[in-house]
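The values are calculated or read from the model by the stated rules, or taken from the named source; none is laboratory data. Because the structure is a prediction, the values reported are computed rather than measured. Backbone-built Cβ (ideal geometry, glycine too); neighbour counts: all protein chains shown.
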Amino acid sequence: MKRVVIGLSGGVDSSVAAYVLQQQGYEVIGLFMKNWHDDSVTISNECPWLDDSNDAMLVAEKLGIPFQTVDLSEQYKERIVDYMFHEYKKGRTPNPDVLCNREIKFDVFMKIALELGADFVATGHYCRKGTIQKEGKDIYQLLSGVDGNKDQSYFLCQLSQEQLAKSLFPIGELTKPQVREIASELDLVTAEKKDSQGLCFIGKVKLPDFLQQQLKPKEGVIVEIPREQDIFNQVKTEFNSEEDKLAYLSRKIDYQIDYGKIVGKHQGAHYFTKGQRKGLAVGGTIEPLFVIDTDVSANVIYTGQGKEHPGLYKKALFVTNEELHWVREDLALNVGETMNVKARIRYRQALESAILHKVDSGLYVEFENPQSAITEGQFVAWYIGDELLGSGVIS
């Protein structure tokens with residue numbers, strides 16, 4: 001029997017994943033990851049990780065599998081929380097869930113599992129793994145989950161071949177309603193439990209509250225840029241090269257306060273992200289205001305009215321070589337090569353047609369249609385069919 005260590009989170013997905021592995025004949029061990037106990041950062045009086053670890057333990061008891069808790073809070077703080085604060089300070093918007101998978105679940109946690117003699121590590125993600133042979137070598141594929149509504153391949157977009165080789169995704173072939181049904185039939189305590197929201201398993205955290213404890217509030221102005229502003233009408237159509245054109249399409253507009261009018265105040269530009277509508281607390285506009293850019297060094301938030309505001313849209317983005325990652329290393333592009341793909345710039349976004357262009361300094365992703373709120377620090381992931389081939393941090 002092959003041994004599998006599964007990350008039991010106290011949710012319904014990982015509970016059913018453990019059961020499916022048992023049915024497939026694996027020896028299953030459940031581990032709960034404790035990722036947070038820094039009392040200096042009071043997150044909330046509730047203690048969700050305790051409830052979750054209890055639920056995970058009850059599920060393990062019910063299924064008759066060994067169970068223990070591992071404390072990864074030190075590594076989590078170092079690799080996820082500190083990184084997040086660092087990114088927000090720079091005015092970027094990180095994605096802790098993607099990092100959490102790359103750095104914690106499929107790295108720190110995986111190493112612990114392998115030390116316990118595991119052949120594989122499993123999680124309750126809605127995605128699938130494929131294996132193909134190429135030149136006599138096994139190549140692992142990261143495939144979308146069957147449930148299009150819940151597909152979580154995007155969150156695993158930074159995994160490597162080594163990590164995929166040792167991973168299993170037992171519920172990738174199931175839909176969420178099927179998973180709930182199995183949990184009910186087994187009478188698992190997690191059957192009706194709501195899906196967790198909030199930071200990747202720190203629990204019930206509202207991000208602004210969390211950030212305020214590290215990034216001190218600092219008053220600044222909110223500026224509204226009208227859509228008629230000249231900067232949106234100066235459209236360049238002639239370029240010396242394809243790369244020039246891509247650099248132009250993905251450029252960051254350099255907004256100035258005098259391009260618009262001051263409409264309000266805020267408590268820190270680093271709490272806001274492009275495309276955000278809530279939390280601005282500015283009334284009296286015909287259409288709601290959306291954040292079109294933030295300038296953290298000058299502590300200014302630039303906004304525009306309505307979700308069709310031209311400041312929200314761009315046709316291309318850039319990923320530097322340092323932040324470019326291929327799940328399928330064998331398909332990585334060389335300088336000068338292009339690839340037609342489908343891409344998304346956030347979880348649950350519908351896949352959009354795009355072309356990848358490899359250049360000396362990195363990779364451009366050029367979309368067929370303009371994309372709203374392309375946000376620095378977030379991940380872009382690209383697919384062919386239902387296979388995720390690679391990803392990168394939007395720069």
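Of the residues making up region 371-387, those that are within 19 Å of Y126 (Cα to Cα), more than 14 Å from the chain's Cα centre (by Cα) and either surrounded by fewer than 20 Cβ atoms within 10 Å (Cβ to Cβ) or not hydroxyl-bearing (S, T, Y) (or both) are I384, G385, D386, E387. Within region 80-97, identify whether any single residue is closer than 30 Å to Q24 by Cβ, in contact with a Phe, Trp or Tyr (Cβ under 9 Å, 6 or more places away or on another chain) and buried (at least 16 other Cβ atoms within 10 Å of the Cβ), and answer yes or no. So far as region 80-97 goes, yes, one or more of its residues are closer than 30 Å to Q24 by Cβ, in contact with a Phe, Trp or Tyr (Cβ under 9 Å, 6 or more places away or on another chain) and buried (at least 16 other Cβ atoms within 10 Å of the Cβ). Is it the case that region 75-97 has a residue that's closer than 30 Å to E192 by Cβ and touching a Ser or Thr at 6+ places or on another chain (Cβ under 9 Å)? Scanning region 75-97, I find no residue that is closer than 30 Å to E192 by Cβ and touching a Ser or Thr at 6+ places or on another chain (Cβ under 9 Å), so the answer is no. On inspection, Y154 qualifies as among the aromatic types (F, W, Y), part of a helix (DSSP H, G or I) and either touching a Gly at 6+ places or on another chain (Cβ under 8 Å) or surrounded by 13 or more Cβ atoms within 10 Å (Cβ to Cβ) (or both). When region 353-366 is filtered for residues that are under 11 Å from W382 (Cα atoms) and surrounded by 16 or more Cβ atoms within 10 Å (Cβ to Cβ), the ones remaining, listed by number, are A354, I355, L356, V365. Just name the residue that is surrounded by the fewest Cβ atoms within 10 Å (Cβ to Cβ) out of those in region 249-272 that are among the polar types (S, T, N, Q) and either modelled with pLDDT under 95 or closer than 18 Å to S372 by Cα (or both). The selected residue is Q267. For region 94-106, the count of residues that are free of Cβ contacts under 8 Å to residues at least 24 places away in the same chain, assigned to a loop (DSSP other than H, G, I, E, B) and out of contact with any Asp or Glu (no Cβ under 9 Å at 6 or more places or on another chain) is zero. Of everything in region 4-33 that is assigned to a loop (DSSP other than H, G, I, E, B) and either in contact with a Leu (Cβ under 7 Å, 6 or more places away or on another chain) or at negative phi (or both), the residue that is surrounded by the fewest Cβ atoms within 10 Å (Cβ to Cβ) is Q24.
State all residues of region 231-263 that are of a type in the set (S, T, Y) and touching a helix residue (DSSP H, G or I) at 6+ places or on another chain (Cβ under 8 Å); if no residue qualifies, say none. Across region 231-263, the qualifying residues are Y255, Y259. When T131, T190 are checked against the criterion of being part of a loop (DSSP other than H, G, I, E, B) and among the hydroxyl-bearing types (S, T, Y), T190 stands alone in meeting it.
Quick check on region 291-300. Is at least one of its residues assigned to a loop (DSSP other than H, G, I, E, B) and at pLDDT 95 or above? Yes, region 291-300 has at least one match.
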